[in-house]
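All of the numbers you see were taken from the coordinates with simple rules; none came from a lab. If you're wondering where the values come from, they're calculated on a predicted model, not measured in any experiment. Every residue, glycine as well, gets a Cβ built from its backbone with ideal geometry; the counts of neighbours run over all protein chains shown.
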Amino acid sequence: MTLAHSSRAIASLAAKPAGVPNDVFAGGSISLARAGRGAVLALRNAEIGSTQTGAVTITNTGSMAAAILLIGSSPNNALSRQLRLAIYADVDRDHDHLIYRGRLSGFASTRAGKLPPGGQRRFFFHLRLPTTGSQADDTLAGLSATPSFSWRAIET
């Protein structure tokens, strides 16, 4: 995603597509599938205060129920520390369904609920570039960040 302050580019960030591995257990299998393709988030030429929203659906196509772990990684730079990330499961912008809120650079992993065989969950991602309230906003010019998110199934 490329972020901009006033009329000049601030940064570039694109959230990589989710990884969804398959696992086989003694009692059956867990297989997670991601609906759709491409980046969950792509914010380009944004100004301070800009927000981007994206969503993705994860389905358990296996024969066993699974607990889901959402894992993220991003560079630890000034842009990632300034960007604010919120992730909701199933119901967008509902506090009871909020699974993470904080700095993009601070997101490592979170439990993302359970999925029965054939079940699915929709995850909503919100990324915001707030102002620092100072000239420090200008230090974000030209920076980039490419976070990635993946889902891991855990046998329940």
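Listing for the model above:
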quantity	calculated
Built amide H within the under 5 Å cut-off of R44, gap 5+	T2
Cut-off 12 Å between beta-carbons: net charge of the residues surrounding T51, Lys and Arg +1, Asp and Glu -1	+2
Amide H contacts of S109 (H built 1.01 Å from N, under 5 Å, at least 5 apart or other chain)	G72
